[in-house]
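To start, the structure under review is shown below, and the notes come after it.
Each reported figure results from applying straightforward, stated rules to the coordinates on display, with no laboratory input. Bear in mind that the values here come from a model prediction, so they are computed numbers and not experimental data. In this analysis, Cβ positions are derived from the backbone assuming ideal geometry, glycine residues included, and neighbour counts consider all displayed protein chains.
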Amino acid sequence: MKKQHHNYKDIPGWGMDADPENEPNYPMKNYTGDDHHRSDYQRSAPQPKDVEILMSNERPKMSAVFGNSVPPSGLSGMIRRYAFKHSEDRYRHWLPLIFADRVNMFEGVIDDLSRGYLPNMVAERGWKMEMKHNPKGFAVKIATVAAVGYAVYLILKKKK
Amino acid sequence: MDYRGPYRVRTVEKPMPKILHPEDAIIRVTRTCICGSDLHLYHGMVPDTRVGSTFGHEFVGVVEEVGPLVQKLKVGDQVLVPFNIACGKCNFCKQGLFGNCHESNPMATAVGGIFGYSHTAGGYDGGQAEYVRVPYADVGPTVIPPDMDPDDAVLLTDVVPTGYQAAEMGGIKQGDTVVIFGAGPIGIMAARCAWFFGPSRVIIIDHVDYRLEFAKNYAYCEAYNFKDMEDPVVFLKKTTDWYGADVCIDCVGCEAEGNSLQTFSGKVTLMQAGTATALQWAINSVKKGGIVSIVGVYGPPFNLIPIGNVLNKGLTIRANQASVKRLLPRLIEHVQEGRLNPKGLITHRVPLEEVADAYRLFSSKLDNCIKTVLIPSAKA
């Protein structure tokens, strides 16, 4: 059963970075003792805050730089603000964020429509590639989704 | 590139990025890749991924503008930009942990800033764009050596260092058997880099045949499809004289296949942060006292793994985002000396305008796709 690459020692670079002292807790970090100085280090000047940034409650202040893309807004923004009241340890942080992402998806469509733009779902989902490289599998996927959707429709109709 | 929700992206005109901090630079992107971890964003698996975000943490380009405090870069320099944003001054950066910078992400403490990787990783726009803002420009960006192919350079921003660090964290000894879960670009690179540390066997496990075939040729390794096995853990025990591998490396992360309970709880119901099947197999396939190295990406809440076995087998688990800046000098040398051929992973080159098609191609593993490079059209 046991197989080996026949001449593995001939593979370019074989063994040249081996470090016998890497066992098993060889530090990936170059320990300097600075950990014990905690947050006492020379920080860069803080980036001016030009949009609303939600900050983790596990840190006392903003990091020196941050991304300013897509500030929280709308209903998803309200949910995100709630999430950031809780630490990264809590479900109350992460689950609302995932929920906000889903709400945000619908807000995106509403925003497109309100600007008179009809999103091209086929193009945005790259279905052209599926049709080109996986026509049979893609047809099965579509048929399955349609069948399940129709079955759900029939069940709901019957209940009414 | 503009994210619109799970499985939906498009290209739009966005305002030109600006210098927001004196240590910033603006880079005109010339090559950018879709990473396997971008697919977790694309699939809606990473919390706080906002509609309107631009993804992309693997990119190279030309310096267009620098902030007043930037000293090491000048306009016109061709640079590769590590995926992690690092200040170079905090206690973590000072100790070489550039993937764990404390001054680049106010939105979470468990991860440093990463370009284009959700607000959980700092809310930065990414490099799947014509231009991108790069903070701490004197720290991360590295001038590309004149003799280096930009296709090699763009893979040095993440794939190569992450694959190399995966192997490095495995503490591989001469003669070891190393098992790698996942034959995506990172897994393939980890398999190739594992040889630098002197093992006698490198085994890669996946379920996509064309990727296994590619890995076998590119990384000189054994490659097996777990769908052909009744039980991959038993298979790996058997092939290691019923002992277990010396080192197991998880290069899959939160979207692994192969275990229905993990799939149901992690993908279907999102009761855990994705599926931890590869990590479960790694823990159960490694020998007692062995090392499990993790570079596959998992979400922040929690995952189901057999932690009791970690204790009872006395395992060492090592994991981190790659410290790209720490590893670059050695990796550039490996590329320049011809020992590593990063661009050999690239199978598709796509104009940035066709980003939606490129994501679908990579996500659905169509047309034997291993690695896709996006080419923006902006000219100097």
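Could you point to the residue in B:Thr109, B:Tyr7, B:Tyr218 farthest towards the positive end of chain B's charge dipole, with +1 and -1 charges on the Cβ of Lys/Arg and Asp/Glu respectively?
B:Thr109
Taking region B:159-319 as the region of interest, what is the percent of Cα-Cα pairs per 10 angstrom bin, listed from the shortest bin to the one with the maximum distance?
Percent of Cα pairs in each bin: 12, 44, 37, 7, 0.
Can you tally the net charge around A:Asn57? Count Lys and Arg as +1, Asp and Glu as -1, for every other residue whose Cβ sits under 11 Å from the Cβ of A:Asn57.
Counting the neighbours of A:Asn57, the net charge comes to 0.
Sorted by average packing, counted as other Cβ atoms within 10 angstrom per residue and highest first, what order do B:317-325, B:176-184, A:31-39 take?
So the peptides B:317-325, B:176-184, A:31-39, ranked by packing, come out B:176-184, B:317-325, A:31-39.
Would you calculate a helix-derived [θ] at 222 nm for chain B, using -39,500 (n - 2.57) for each DSSP H run of n ≥ 4 and dividing by the full residue count, to the nearest 500? Working shown, then result.
Numbers: 12 runs with 99 residues, N = 380.
That calculation yields -7000 deg cm²/dmol at 222 nm.
Quote the FRET efficiency, to the nearest 0.05, computed for A:Lys141 versus B:Leu69 with a Förster distance R0 of 35 Å and r equal to the Cβ-Cβ distance.
0.10
May I ask you to sort A:Arg115, B:Arg192, B:Arg330 by Cβ crowding, counting other Cβ atoms within 10 Å and putting the fewest first?
Sorted ascending by nearby Cβ count, the order is A:Arg115, B:Arg330, B:Arg192.
Give the range of the longest stretch in chain B that excludes all GluC sites (Glu not before Pro) found in loop regions by DSSP and having at most 14 other beta-carbon atoms within 10 Å.
Result for the longest clean stretch: B:14-229.
Tell me the Rg and the Dmax, in Å, that the Cα atoms of the protein assembly as shown produce.
22.8, 73
Enter the Cα centre distance for the pair region B:125-174 and region B:270-320, rounded to the nearest angstrom.
Each part reduced to its Cα centre gives a spacing of 26 Å.
Kirkwood hydrodynamic radius for chain A: how many Å is it when counted over pairs of different Cα atoms?
Radius from the Kirkwood sum: 23.2 Å.
Considering only the other residues whose Cβ falls under 15 Å of the Cβ of A:Leu118, what net charge follows from Lys and Arg at +1 and Asp and Glu at -1?
For residues surrounding A:Leu118, the net value is +2.
Taking the Cβ of B:Gly67 as the centre, find all other residues whose Cβ is under 13 Å away and add up their charges (Lys, Arg: +1; Asp, Glu: -1).
Neighbourhood net charge equals -1.
Springs between alpha-carbon atoms under 10 Å, Gaussian network over chain A: tell me which of A:Met16, A:Met131, A:Met121 tops the mean-square fluctuations.
Looking only at A:Met16, A:Met131, A:Met121, the biggest GNM fluctuation is shown by A:Met16.
Between B:Asp367 and B:Ser260, what length comes free when the chain is fully extended (0.36 nm per residue of separation minus the Cα-Cα distance, one decimal in nm)?
35.8 nm
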